[in-house]
Amino acid sequence: MAYWLTPPSRAIFILSVLLAVLALLVRYAHVAIPIVSAHSFETLLIGFLLLLAGNLFRGF
């Protein structure tokens, strides 16, 4: 079974990169961000899943 990948929309790409950067800042730069600080791994996972959905589903 082949998957046809499509480029994600600009908004999804920017949102996923923003979530990844926030998670990395919390983890490695020790920046305190209220919601992200307690859930840095989950924030990074959500960013990756958004990017994955943007690639797998057309128009997302």
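The table that follows gives values for the structure above.
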{"item": "Residue pairs meeting the criteria (Cβ under 8 Å; at least 6 apart or on separate chains; first touching a residue at least 12 places away in the same chain (Cβ under 8 Å) and among the hydroxyl-bearing types (S, T, Y), in region 31-60; second surrounded by 11 or more Cβ atoms within 10 Å (Cβ to Cβ) and not in a helix (DSSP H, G or I))", "result": "T43/V36"}
{"item": "Output for region 21-60, where each listed residue is buried (at least 16 other Cβ atoms within 10 Å of the Cβ), of a type in the set (A, V, I, L, M) and either at positive phi or in contact with a helix residue (DSSP H, G or I) (Cβ under 7 Å, 6 or more places away or on another chain) (or both)", "result": "L22, A23, V26, V36, L44, I46, L50, L51"}
{"item": "Residue list for region 18-57, filter: assigned to a helix (DSSP H, G or I) and among the β-branched types (V, I, T)", "result": "V21, V26, T43, I46"}
{"item": "Among residues of region 1-17, those that are assigned to a helix (DSSP H, G or I) and surrounded by 13 or more Cβ atoms within 10 Å (Cβ to Cβ), counted", "result": "5"}
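FYI, it's all coordinate maths here, none of it is from the lab. The shown structure was predicted, so the numbers you read here are calculated from the model rather than taken from an experiment. Counting neighbours? That spans all protein chains shown, and the Cβs are built from the backbone with ideal geometry, glycine included.
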